[in-house]
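The values are calculated or read from the model by the stated rules, or taken from the named source; none is laboratory data. Bear in mind that the values here come from a model prediction, so they are computed numbers and not experimental data. All Cβ positions, glycine included, derive from the backbone under ideal geometry; neighbour counts span all protein chains shown.
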Amino acid sequence: MQENLLETSILSLELLFSFDAELWDIIGVSFRVSMIAISIATLPAILIGFALAMVDFKGRWMVVALFNALMAVPTVVVGLTLYLLLSRSGPFGDLHLLFTQPAMIIGQVALAFPLLVCMSHSAFQSIDKRAWETARTLGANCCYAVITIMKEARFALLASVLAGFGRIISEVGCSMMIGGNIMSYTRNIPTAIALETSKGMFAQGIALGLVLLILALLLNFTLASIRGKGQLV
């Protein structure tokens, strides 16, 4: 058993560092989809988080509670909802998005958005609200004042983006349901791991798991460095 595990681990490393075409194609799909998704979600989510922290309006606590609730929704539930919407019998079936990369991007945006809103809201809450009021009183236009506050909270905002990226690149439920796990198109790291291990092919699964593990370590070290030193390193 130990020999088989050792052989499988060695084979997984050979696949990873020999730049196996199939393996790196899966990694490329995963990073491409997740990078596009986090790029789309980041700015609108941060602006909503800013509005929830700095602007008083009726029902604000309800909106905050809603985003907190959405953040806890399981990924497979998000995938099921989008599947029903994008399937042929769904309201958006005519768009033919199901089992495509755009569908996966939509799903990952839906997963990242509430997390980014909640974390950016917390980041802006830590900034003295008088800074926003002072900037506006001194005649700064709205955009300049928002940028000024964002600079003050930039490290916490970066932490929220990294956390959001880590969430979507490692999720499997939503990608499996609306992506279809199609080789060289919608098969990403988590869905490939699920498929290969279910077939008893552990070498590729371990290699892809190592990629996620290395990514998780890099993200966590970056977050720890930002929080510990208060500056980018």
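The residue of the range 109-143 that is surrounded by the fewest Cβ atoms within 10 Å (Cβ to Cβ), among those that are of a type in the set (Val, Ile, Thr) and modelled with pLDDT under 80, is Thr137.
Residue count for the range 166-204 under the criterion of being without any contact (Cβ under 8 Å) to a residue 60 or more places away in the chain, closer than 18 Å to Glu22 by Cβ and assigned to a helix (DSSP H, G or I): the result is 7. Pairs are defined by a Cβ separation below 6 Å, a sequence spacing of at least 6 or placement on different chains, a first member in the range 78-89 that is among the polar types (S, T, N, Q), and a second member that is surrounded by fewer than 22 Cβ atoms within 10 Å (Cβ to Cβ) and assigned to a helix (DSSP H, G or I); the pairs so defined are Ser87/Gly93. Does the range 168-178 contain any residue that is in contact with an Asp or Glu (Cβ under 8 Å, 6 or more places away or on another chain) and either buried (at least 19 other Cβ atoms within 10 Å of the Cβ) or of a type in the set (Val, Ile, Thr) (or both)? Looking for residues that are in contact with an Asp or Glu (Cβ under 8 Å, 6 or more places away or on another chain) and either buried (at least 19 other Cβ atoms within 10 Å of the Cβ) or of a type in the set (Val, Ile, Thr) (or both), one finds none in the range 168-178, hence no.
The residue that is surrounded by the most Cβ atoms within 10 Å (Cβ to Cβ), counting only those in the range 53-102 that are within 23 Å of Arg32 (Cβ to Cβ) and among the hydroxyl-bearing types (Ser, Thr, Tyr), is Thr75.
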